[in-house]
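In what follows, a single structure is set out as structure tokens and then discussed.
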Amino acid sequence: MSPRYVVDTNVLIAASAADPTYPADIDATPREPEWRKKVWEWLDNFQASDSFLVLDVDQEIQREYENKLGFNDFGIQVVMYKWSTSAVEPVDLEPEGTSYKTLPKAVAEAMHDLADHKMAAAAYVAVNTVGPCPIAFAGDTDWHGWETVLADHDIRLEPVILDWSLAKYHEKLAR
């Protein structure tokens, strides 16, 4: 595992749906139980690791998590655990219109999903202030389409279920 991660919300959602103890009855991608289980395993390993969770100081990422999940959902419990063990790395994002000054212009222009700008901006700030910080993602295959421009700015991706997400991304491109 990397020393720190920005964790896209879809990882928390899919892992919560697959939680073997208290599965959440929520709409999650992927739908297949075997892939959800892999996402849950990744998040469970992340929780147990020494890796930090990177969140923005203004709590925009946290609010997105809480908007999608409930207090008892596994994903939120992992976030709370990282907070309680002082394993959250806060970064300061500078909002600018619908994006962030702290996100390179080329990245902002390439990313059509404005909700993901905060994730990329947080990773970018972390990489440039404290060190490596990939964005972990699962069900949102758009990240594959932005991978080159992100890499050009030292923002790395960690697809939690690479085979699944890459196949879905290529299916999407073929449409």
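Out of curiosity, is H170 within 15 Å of the chain's Cα centre (by Cα) and either of a type in the set (D, E) or outside any loop (DSSP other than H, G, I, E, B) (or both)?
Working: within 15 Å of the chain's Cα centre (by Cα): no; either of a type in the set (D, E) or outside any loop (DSSP other than H, G, I, E, B) (or both): yes.
Spelling it out, it is not the case that H170 is within 15 Å of the chain's Cα centre (by Cα) and either of a type in the set (D, E) or outside any loop (DSSP other than H, G, I, E, B) (or both).
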Problem set entry | Unmet criterion (only one of (1) in a helix (DSSP H, G or I); (2) touching a Ser or Thr at 6+ places or on another chain (Cβ under 6 Å)) for L150 | (2)
Exercise. F74 passes all but one of (1) out of contact with any helix residue (DSSP H, G or I) (no Cβ under 8 Å at 6 or more places or on another chain); (2) in contact (Cβ under 8 Å) with a residue 24 or more places away in the chain; which number fails?
Worked result: (1)
Exercise. Among the residues of the range 118-149, how many are farther than 23 Å from K38 by Cβ and of a type in the set (A, V, I, L, M)?
Worked result: 8
Exercise. Residues of the range 121-147 being closer than 18 Å to Q59 by Cα, assigned to a helix (DSSP H, G or I) and touching a strand residue (DSSP E or B) at 6+ places or on another chain (Cβ under 7 Å), which ones?
Worked result: A121, A122, A123, V125, A126
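Considering each of D142, D154, D113 in turn, give the residue that is over 24 Å from P30 (Cα atoms) and without any contact (Cβ under 8 Å) to a residue 60 or more places away in the chain. Give the derivation first.
Values: D142 fails: over 24 Å from P30 (Cα atoms); D113 fails: over 24 Å from P30 (Cα atoms).
Selected residue: D154, the only one of D142, D154, D113 that is over 24 Å from P30 (Cα atoms) and without any contact (Cβ under 8 Å) to a residue 60 or more places away in the chain.
Answer yes or no as to whether V78 is under 14 Å from V11 (Cβ atoms), β-branched (V, I, T) and under 15 Å from the mean Cα position of the chain (by Cα). Steps first, answer last, please.
Values: under 14 Å from V11 (Cβ atoms): yes; β-branched (V, I, T): yes; under 15 Å from the mean Cα position of the chain (by Cα): yes.
The answer is yes for V78.
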Exercise. Checking K118 against (1) surrounded by fewer than 21 Cβ atoms within 10 Å (Cβ to Cβ); (2) under 17 Å from L55 (Cα atoms); (3) of a type in the set (K, R), which single condition isn't satisfied?
Worked result: (1)
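Laboratory data are not the source of any read-out in this text; all were calculated from the coordinates shown. Predicted model, so just to flag it, every value in this text is computed and none were measured. Methodologically, a virtual Cβ is constructed for each residue, glycine included, from the backbone with ideal geometry; neighbour enumeration extends over all protein chains shown.
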